[in-house]
Amino acid sequence: MVPFTERVVQIISGIPAGHVMTYGQVARAAGNPRGARQVVRVLHSMSAKHNLPWHRIINAQGGISTPSDRADKGNKQRDLLEAEGIVFSSSGKIDLNCYRWFPEEEYI
């Protein structure tokens with residue numbers, strides 16, 4: 001595993017229940033500010049293998065990003081987040097000021 005991927009896995013693994021990070025935020029913390037799409041790739045290919053809390057990664061607007069043909073996955077993500085106490089607005093967004101998690105300095 002390349003160092004960036006290792007850091008992404010480590011960062012996502014460390015997000016506590018009831019908190020979220022954005023794709024771009026994870027990428028920046030892992031050392032590649034332009035690596036949000038790589039974070040998506042890591043989530044897609046390694047979530048099951050590393051038991052990652054994939055549902056805690058959202059977009060920069062505080063929303064869930066799923067393709068239109070995968071609405072079931074978006075619903076599952078929302079259900080998992082709500083089960084952790086995260087509240088969505090009527091427009092389907094999460095208040096990042098309230099729920100965003102910032103990793104320890106060791107990642108940055």
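Taken about its Cα centre, the chain carries a charge dipole of about 380 debye when Lys and Arg each add +1 at the Cβ and Asp and Glu each add -1 at the Cβ.
Of the Cα atoms belonging to the chain, the radius of gyration and Dmax stand at 13.0, 40 Å. Can you list residues from other chains, or at least 5 along the same chain, whose modelled amide H is less than 5 Å from the amide H of Gly63? Close amide H contacts, sequence-distant or interchain: Ile94.
As a proxy for reagent exposure, ranking Phe102, Phe4 by other Cβ atoms within 10 Å from fewest up yields Phe102, Phe4. Do you know the relative contact order of the chain, to the nearest whole percent, from alpha carbon pairs under 8 angstrom that are 6+ apart? Dividing the mean separation by the residue count of the chain yields 33 percent.
Annotation: amide H-H contacts under 5 Å for Val20 (H modelled 1.01 Å from N, sequence separation of 5 or more, or interchain): Arg100, Trp101.
Which is farthest toward the positive dipole end of the chain among Ala17, Met46, Gly85, measuring Cα position about the Cα centre, with Cβ charges +1 (Lys, Arg) and -1 (Asp, Glu)? Projecting each Cα onto the dipole axis, the largest value belongs to Met46.
Throughout, read-outs are computed from the coordinates displayed, never taken from laboratory work. Every value quoted in this text rests on a predicted model; they were computed, and no experiment measured them. Reconstructed Cβ throughout: ideal geometry from the backbone, glycine too, with neighbour counts over all protein chains shown.
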